[in-house]
1. Could you sort 415-422, 8-15 so that the peptide with the highest average Cβ count within 10 Å comes first and the rest follow in order?
2. As an exercise, use a Förster radius of 30 Å and the Cβ-Cβ distance of residue 49 and residue 220 to find the FRET efficiency, rounded to the nearest 0.05.
3. Apply the a/c threshold of 1.5 to the C-alpha gyration tensor of segment 510-645 and tell me whether it is rounded, prolate or oblate.
4. May I ask you to work out the translational diffusion coefficient for segment 243-486 at 37 °C, viscosity 0.692 mPa s, via Stokes-Einstein with Rh from the Kirkwood sum over Cα pairs, reported in whole µm²/s?
5. Between residue 595 and residue 564, what FRET efficiency comes out of the Förster formula 1/(1 + (r/R0)^6) with R0 = 30 Å and r the beta carbon distance, rounded to 0.05?
6. Can you quote the Å³ per residue value for the convex hull of the Cα atoms in segment 275-355, rounded to an integer?
7. Quick check: the distance between the Cα centres of segment 283-303 and segment 614-647, to the nearest angstrom?
8. Taking the DSSP beta bridges in segment 2-186 as the whole, what percent of them are antiparallel, to the nearest 5?
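None of the figures in this text is laboratory data; all of them are computed from the coordinates on show. Keep in mind it's a predicted model, so treat the numbers as computed, not measured. Methodologically, a virtual Cβ is constructed for each residue, glycine included, from the backbone with ideal geometry; neighbour enumeration extends over all protein chains shown.
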């Protein structure tokens, strides 16, 4: 029911070790970091793991396969590879012995004779490995190992004779680098239907109950690395699975900026039909979900289906051009059948919502702008109807730029970057497209994580290669193809082993420094509170030290205004925990008749990925720490004083 095949990465691992050792020799800063602190212990272990991985794969053939099956109770799997040269059994036994140290090895290695005499240890968590003259096979238990070994010796080819096996074998005909496949229908048939009849009916109506196989492959085509996903169905797509239209022109791309950070395009087969399908699916679980719609339509004298969704051709694109504060810059482009009719519908809806719209005209195009109040700010919005398209954007300038790109021929649709991203053998016609500038997206994600890294990444954006995933709808399948450049596996190993851990440690160090500063600020606020409100003593909670939620600037014993609302308002929950910069804070006090003589402040990481130390403090003002997992138990002032003071 599951099949995956990977190339032997032994050579890539060997290359990674050579690169690592050369960097350690040539780069003094890297060498110092590698041999100090935590890396002095983990560094050699990482290097040794890469060496062992490379050495092990030298015994194996060019392909490693993982196969999974299920008998309806417990899934089983095997990992199999051809033997390239003698000696893998002895090497595996020594490797597992070294990895276990003084403990018992967690894997058993057999030859065929030893496997025949082996005793099953029941619920043991040990992996079992068979080393034959021709294959190395790993499995979850002895039964699966013996069964697979017996099949190897049989003349028949059971798996390849099955429909799923034939589908997998077909991928090998033109050569493949990496392959993964799953028999989705097999999984569905083994999973009991939902207890609720409505849930099962909704799944059937969605059309996804007809899924057949999911296949992913990566291969070289015309010198390019091409990846492809295919989701196939047992019958022509229907319901929600048929919302995606067959391949056609992505006309809305002609309004998208070639400098967009991210752009998502989809062609829906029939927006009005999608609306009907959504109503049917939602009504199965909530019959009254659309009960107010008829009255709404009658009041406005329009039909959402006929006067809005029915006017769209289904070609939709959303782009993000900037995520910089204070507001992101974005645009949405929708293909329209009848511009005049849609403009009348929009006028009706905006008037009903009491939005004041400003109309400006430039170059023969009417631009409409409005401001929408939200609980925190006022959001600007603008739109225009041009050449069979509705362009909606975050500002009039953003909408005007789309029109300019469309009319000048400078849009993403005509850019060299987009044309170069089309998979071999395909055209610009598709059912969808996910286009992104990977450097810009990574830079955006790094904004709060590591600003220094963000700046250096942004500097190289102009030379980055875009990432594009093209989607194609067919009668009984949905395919996705991309021809993005791949990174050498050895480089991936080096990046994962060096750069990513370094960034994570930097972020955790920043979180912990912020937590210590916050604890120190709370201690200062408590001292001021006790002096200002001696009848209360110390504050009993963090919100008590914060500003009044009503917005008044007046200070009181209940809202002293000594802490900013970044630590005392919205991030706080009903249990008294307040969230800030990857840490949770909680203030507790020892009080008698509303006067608090002592307090304890606890700061713990949200998870092991946001910090490795817990912090606390009491009325003595000393900040103390306890390394380890996030602290879960209650903490008293005396408990806190037993932790290690920080310097």
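1. 8-15, 415-422
2. My answer for the efficiency is 0.55.
3. It is oblate, given that a/c is not under 1.5 and a/b is not larger than b/c.
4. Details: Rh = 19.8 Å.
For the chosen part, D equals 166 µm²/s.
5. Once the sixth-power term is evaluated, E becomes 0.70.
6. Values: hull volume 12.1 nm³, N = 81.
Each residue corresponds to 149 Å³ of Cα convex hull volume.
7. Centre-to-centre distance over Cα atoms comes out at 57 Å.
8. Numbers: 27 of 31 bridges.
Just about 85 percent of them are antiparallel.
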